[in-house]
Amino acid sequence: MSTLDDEPGGTPVVYALHENADWWPPFERAFREAGVPVREWNLVEGSFDPASAPPEGIFWSRISASAPSRGHDHSKDYARSVLSWLESSGRRTVNGRSTIEFEVSKVAQLAALRAAGIDAPETVAVIGAGGLRDAARRFEGRPFITKHNQGGKGLGVRRFDSVAEFETALDAGELDEPVDGITLLQEYVRPAGGFITRVEIVGGEFVYAIAADTIHGGFQLCPADACAIDATTGLPIAPPGAEAAPEPGQRLFTLRRDVDTAFAERLAQFTRDLGIEIAGIEFIESADGRRVVYDINTNTNYNADVEAEADSSGPASIARYLGALLRERYPA
């Protein structure tokens, strides 16, 4: 794995900027099979000269909002600096400087969804802890959830069925402090069929959709294999919000072939309008007929079981897309 203080070679390649080696193998394999040269840049620590010229290549950011959960508290800020350097130097980035703001801010995501006329959950953003009690009263008489503005992997997500239950948790100090100090209180939208849908988009085009089991998967719906098994026990992880623990061998993610393709295309157009080139967008179909979009993942991962069943591959689509950008910018 290379870092930003390595001396890059002179041949243009695709550079993958990330902070989580556990998520990398499926992508490395896809680039190798597609014959696209790729090099990792690990944005955990390192150095670079912002007055220098960056290497030639295509720069793909896979920085994740959940980086602090792995002890990589500064990766998003490191990425902001690096992407600003690259773009000011005229380099082609994919999911670049503007996109990272959507990855690390659910407020930014919700505001963009509302502006596009897409249904998103009713939400109150609270800065600090002082206003949480007053904000919760907005949801009196109905269930609501908490979540972190900079989330990922279900960080800070917890359901409360009453304001009194929430206040008891507050008094007991049970709520985790968000990394950016912003807590979201959000209406709880119960999925009608016990699952949410995630639409995978590459290069502004719909690839496929998955159904994620919320009964056994709860709120932590990371489809990567590295998220599914406890590294210590080797057993399936029971995520926050799960109504039943997953059984060994149980599939939480399945290919969804009956997704509304018109709605999937609307989400793809949404990403094109914002310049987000690679994304996984999650939505809930509720019992009362709503279709509520609640999360935009710009460092999207793919599930091996779904990949084996789907007609197209997420990592392969990314490798082909970035390879085409590389050839277009640096023709032989």
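Derivation of every value follows stated rules applied to the coordinates shown; laboratory data play no part. Source: prediction; values computed, not measured. All Cβ positions, glycine included, derive from the backbone under ideal geometry; neighbour counts span all protein chains shown.
Assorted remarks:
- Cα long-axis angle, helix 25-34 against the chain (0 to 90 degrees, to the nearest 10): 40 degrees
- Around Asp119: net Lys/Arg minus Asp/Glu count, Cβ-Cβ under 14 Å: -3
- Rounded to the nearest 10 degrees, the angle from helix 106-115 to the longest Cα principal axis of the chain is 90 degrees.
- On a per residue basis, the convex hull of the C-alpha atoms belonging to the range 123-187 measures out at 71 Å³.
- Helix 314-329 vs. the chain, principal-axis angle (Cα, 0 to 90°, nearest 10): 40 degrees
- Each residue of the range 123-138 is assigned a 3J(HN,Hα), and the resulting list reads 9, 10, 9, 10, 8, x, 9, x, x, 5, 5, 5, 5, 5, 5, 5 Hz, derived from the Karplus form 6.51 cos²θ - 1.76 cosθ + 1.60 (θ = phi - 60°), x at Gly and Pro.
- Mean-position separation - Cα centroids, the range 70-121 and the range 140-158, in angstrom: 21 Å
- Neighbourhood net charge (10 Å Cβ-Cβ; Lys/Arg +1, Asp/Glu -1) for Trp60: +1
- Net charge over other residues, Cβ less than 12 angstrom from the Cβ of Arg158 (K, R count +1; D, E count -1): -2
- Stokes-Einstein diffusion of the chain at 20 °C, 1.002 mPa s viscosity, Kirkwood radius from Cα pairs, rounded to a whole number: 103 µm²/s.
- Helix-only [θ]222 nm of the chain, DSSP H runs n ≥ 4, -39500 (n - 2.57) each, per residue, nearest 500: -8500 deg cm²/dmol
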